[in-house]
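What follows is a short report on a single structure.
The values are calculated or read from the model by the stated rules, or taken from the named source; none is laboratory data. What you are looking at is a predicted structure, and each value in this text was computed from that prediction instead of being measured. Here the Cβ is made from the backbone with ideal geometry for all residues, glycine too, and neighbour counts use every protein chain on show. Areas reflect the complete protein model, heavy atoms only, side chains present, ligands, DNA and RNA absent. Shrake-Rupley method; radii C 1.70, N 1.55, O 1.52, S 1.80 Å.
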Amino acid sequence: MMEEDLRIHTFTEIPSSELFTSQIEPKNVPAVFKGCIKNWKAFSRWNPSDGGLIYLQERVGSVVVEAMLSRSAPVFYGDIRSHERVPLSFSTFIRYCLCLLKNRDGRRDDFLESQKHNLAVSDTEQTDLLFGEAPQQFFLAQVPILNFEKKEHMQLECLGEDIQTPVPLEAKSLASVNLWMNSMKARSSTHYDPHHNLLCIVSGCKEVTLWPPSATPYLYPLPLYGEASNHSSITLEEPDLSIYPRAACLNGFSQKVILHAGDALFIPEGWFHQVDSEVLTIAVNFWWRSMTISGMLEHMDAYYLRRILKRLTDKEMNKMLHFPSSSMDKTMTCTTSQPNNAYRDHGHQGTSKNCGNRTPKDELKSKVMLQDLEPCASQSLNELISLVHDRLNPSKLTGSTDYSLAGENDDNKRKEDSCSTDDDSVANLILTLHPLKIHRVFLAMANNFPRTLEALVLHALTPVGSEILTRKFEEMDQLISGEDQNQFYQIFYGVFDDQSAAMDVLLNGKELFARQAFENVLDKFLGVNPEGPKQQTK
């Protein structure tokens, strides 16, 4: 399911800033840079296995930082209801890490033991008070080292001397640089960032699972209006498929990379990612704005939002019809790629506006009679007539060719029909017909069973049926001459006493289908239910 051009590429040689900006970043696909930061002072100075924790404590001291406190550890959820930010002395956190390192695998470290006097008594008291029996519930997440957007105090600014801008980012206007440090194993909940991100591993190991923005519907992001709209609402280990059925497709979109000390991972904006960190892992990340957003003029926001929603709606319509993307692109050309013909009107050649130029009806009717149909087209015509008969359940036949239409209840049933092809026999039959067969079948129906054709359009077509029929007409238009198009639409619409009413039925059906697709897009991509919360019933 994963497209080949979305595969993560690993670079063993660090790309220059020019190469990164011109060839890697524009693809908006993650990339791994092996050994990207091994020249940092931090790479050796911060190593917990070589006195790095003592070094960090001496450099930072008892500076108070914001720590993430989560009762759901080792998973740290981005939803603000699932965690809180608490002030914590950096040396307090280091003290716990030292104790962890000292006792890991039952090992005693005399050097670390001898250095415990460097920690103030107050730190010990704070450790006991805050950590209690669950120190693993604290995580130093996104603690600022440098912040170029907010001119405020950076608690860990002193650590900036140990790091430097990675070569690929040397030409970038950075937004911020942050420290990430966990004592025990930790996992971030699945989310995306609004900035480009370069995640650099100073010490330890991280496994990162990534999904492209196109996987958004399968990850069920939290509502756009919420505080954690960039986070997924599902638990990836055991998603409840009865509530989140699309999550069953997630494995087809995911990619995993393992990052070791010295490695860096480019995570483009909009890519969902879940990060699993090993014990005592230290990382630094760099955020910067992509040119897509930073270069967009504010007065164009509404326009591009409409373009994006229209594009997503068109794709959703094809999914609802089970059309492949390539078919969709070809089919939608007539309706989306022509700026001066944004909505194609299939009645334009047969409505009353053109009545003055019409060929006499009797002459046109002689074009296709029943005996002129090839066997497969005749079979399709008989099936379509039979389906209209079953759909409308007419009280009786009036002659051998026409149906007496059912009453208002059938109109109400049509309005209540879903916009899915499931169990819609009329829509499915039309969907299987080749456009040229559509041409022959509907001419024969108009000439021999005009009331049945009228019943089909006015009463038997569901919204999805209207969409399929008009798409078939678009395909047919590409295969026959202009003169044949004129004759076809004159005959087709000529069976209706009120041609504009027939047009309205088709257009209204198409709009209902498109509306359902649009509402699906709002729900899938933005977490918005257009109908609002449902009323609870007792």
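Among what's in region 1-18 and is over 21 Å from Phe272 (Cα atoms) and touching a residue at least 24 places away in the same chain (Cβ under 8 Å), pick the residue that is most open to solvent (accessible area, probe 1.4 Å). The selected residue is Glu18. Residue selection: Leu241 fails the criterion of being under 15 Å from the mean Cα position of the chain (by Cα), without any contact (Cβ under 8 Å) to a residue 40 or more places away in the chain and more than 30 Å from Ser49 (Cβ to Cβ). Quick check: anything in region 34-49 closer than 20 Å to Leu198 by Cα, open to solvent by 20 Å² or more (accessible area, probe 1.4 Å), part of a helix (DSSP H, G or I) and not small (Gly, Ala, Ser)? Among the residues of region 34-49, at least one is closer than 20 Å to Leu198 by Cα, open to solvent by 20 Å² or more (accessible area, probe 1.4 Å), part of a helix (DSSP H, G or I) and not small (Gly, Ala, Ser), which makes the answer yes.
Sub-6 Å Cβ pairs linking a first residue in region 425-453 that is more than 15 Å from His389 (Cα to Cα) and not assigned by the TED database to the domain that holds Phe496 to a second residue that is assigned to a helix (DSSP H, G or I) and of a type in the set (S, T, N, Q), at least 6 apart or interchain, number zero. If you go through region 202-226 and keep only what is in contact with a His (Cβ under 6 Å, 6 or more places away or on another chain) and part of a loop (DSSP other than H, G, I, E, B), you end up with just Leu222.
Each row is one residue, and each column tells you yes or no for (1) at pLDDT 95 or above; (2) assigned to a helix (DSSP H, G or I).
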position: Cys158; (1), (2): no, yes
position: Asn178; (1), (2): yes, no
position: Met184; (1), (2): no, no
position: Arg187; (1), (2): no, no
position: Cys200; (1), (2): yes, no
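If you take the residues in region 476-510 that are of a type outside the set (A, V, I, L, M, F, W, C), farther than 20 Å from Pro435 by Cβ and more than 35 Å from the chain's Cα centre (by Cα), which one is most open to solvent (accessible area, probe 1.4 Å)? Only one residue tops the list, namely Asp497. Elements of the type strands (runs of 3 or more DSSP E) sitting completely within region 238-323 and holding at least 3 residues that are surrounded by fewer than 17 Cβ atoms within 10 Å (Cβ to Cβ): these cover 255-260.
Among the residues of region 203-215, are any in the same structural domain as Asp50 (by the TED database), at pLDDT below 95 and open to solvent by less than 10 Å² (accessible area, probe 1.4 Å)? Yes, region 203-215 contains at least one residue that is in the same structural domain as Asp50 (by the TED database), at pLDDT below 95 and open to solvent by less than 10 Å² (accessible area, probe 1.4 Å).
Aliphatic (A, V, I, L, M) and open to solvent by less than 40 Å² (accessible area, probe 1.4 Å): is that true of Ala228 in this structure? Spelling it out, Ala228 is indeed aliphatic (A, V, I, L, M) and open to solvent by less than 40 Å² (accessible area, probe 1.4 Å).
Residue count for region 64-93 satisfying the condition of being surrounded by 15 or more Cβ atoms within 10 Å (Cβ to Cβ), aliphatic (A, V, I, L, M) and assigned to a loop (DSSP other than H, G, I, E, B): 1.
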